[in-house]
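Following: one structure in structure tokens, then a few remarks.
The values are calculated or read from the model by the stated rules, or taken from the named source; none is laboratory data. If you're wondering where the values come from, they're calculated on a predicted model, not measured in any experiment. Reconstructed Cβ throughout: ideal geometry from the backbone, glycine too, with neighbour counts over all protein chains shown.
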């Protein structure tokens, strides 16, 4: 369970990294659309795990790798933005957040399952006349 302090710090980092990506994103990862889906901060506030969702890229993990290669520059820009609000500028670790893809896959499975159920329960009256 994250403390209130961790949650506040995570929200601040999420907002600022999102703003950095919005304004300066193409410098880091090209033409893909990257969204900061969430941030989890370690109890000592020294490490921030940033979960990103990538749209419009053929290789989302490659985009994450590009962002990771600019990690120091992103951390420096984050530090310039939050230096008056935080003592510690955390080490950033970027991860691909595929929760939207997973939710879409589950939704598709549910729709397919519902379609099969509808086919099975065509009309109960038709089945009773065959008996």
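I'm told residue 103 meets every condition in (1) surrounded by 11 or more Cβ atoms within 10 Å (Cβ to Cβ); (2) under 16 Å from the mean Cα position of the chain (by Cα) except one. Can you identify the failing condition by its number? Among (1) surrounded by 11 or more Cβ atoms within 10 Å (Cβ to Cβ); (2) under 16 Å from the mean Cα position of the chain (by Cα), the lone unmet condition for residue 103 is (1). Given the conditions (1) surrounded by 14 or more Cβ atoms within 10 Å (Cβ to Cβ); (2) at pLDDT below 95, report the number of the one that residue 30 does not fulfil. The number of the failed condition is (1). For region 44-94, the set of residues classified as touching a helix residue (DSSP H, G or I) at 6+ places or on another chain (Cβ under 7 Å) and within 18 Å of residue 32 (Cα to Cα) consists of 50, 52, 53, 54, 57, 63, 66, 67, 70, 74, 94, listed by residue number.
Among the residues making up region 39-63, a single one is surrounded by fewer than 16 Cβ atoms within 10 Å (Cβ to Cβ) and within 12 Å of the chain's Cα centre (by Cα): 55. Return yes or no: is residue 89 more than 21 Å from residue 7 (Cα to Cα), buried (at least 18 other Cβ atoms within 10 Å of the Cβ) and assigned by TED's automatic domain parsing to the domain that holds residue 20? Spelling it out, it is not the case that residue 89 is more than 21 Å from residue 7 (Cα to Cα), buried (at least 18 other Cβ atoms within 10 Å of the Cβ) and assigned by TED's automatic domain parsing to the domain that holds residue 20.
Taking (1) surrounded by fewer than 19 Cβ atoms within 10 Å (Cβ to Cβ); (2) under 19 Å from residue 87 (Cβ atoms) in turn, residue 24 satisfies each apart from (2). Of the set (1) surrounded by 13 or more Cβ atoms within 10 Å (Cβ to Cβ); (2) over 18 Å from residue 10 (Cα atoms); (3) in contact with a strand residue (DSSP E or B) (Cβ under 6 Å, 6 or more places away or on another chain), all apply to residue 73 but (3). Cβ-Cβ distances below 6 Å connect the following pairs, each with a first residue in region 92-118 that is closer than 17 Å to residue 52 by Cβ, a second residue that is part of a helix (DSSP H, G or I), and a separation of six or more residues or different chains: 92/71; 92/75; 94/64; 94/67; 94/68; 96/60; 96/61; 96/64.
Residue 78: at pLDDT 90 or above and part of a strand (DSSP E or B), yes or no?
no
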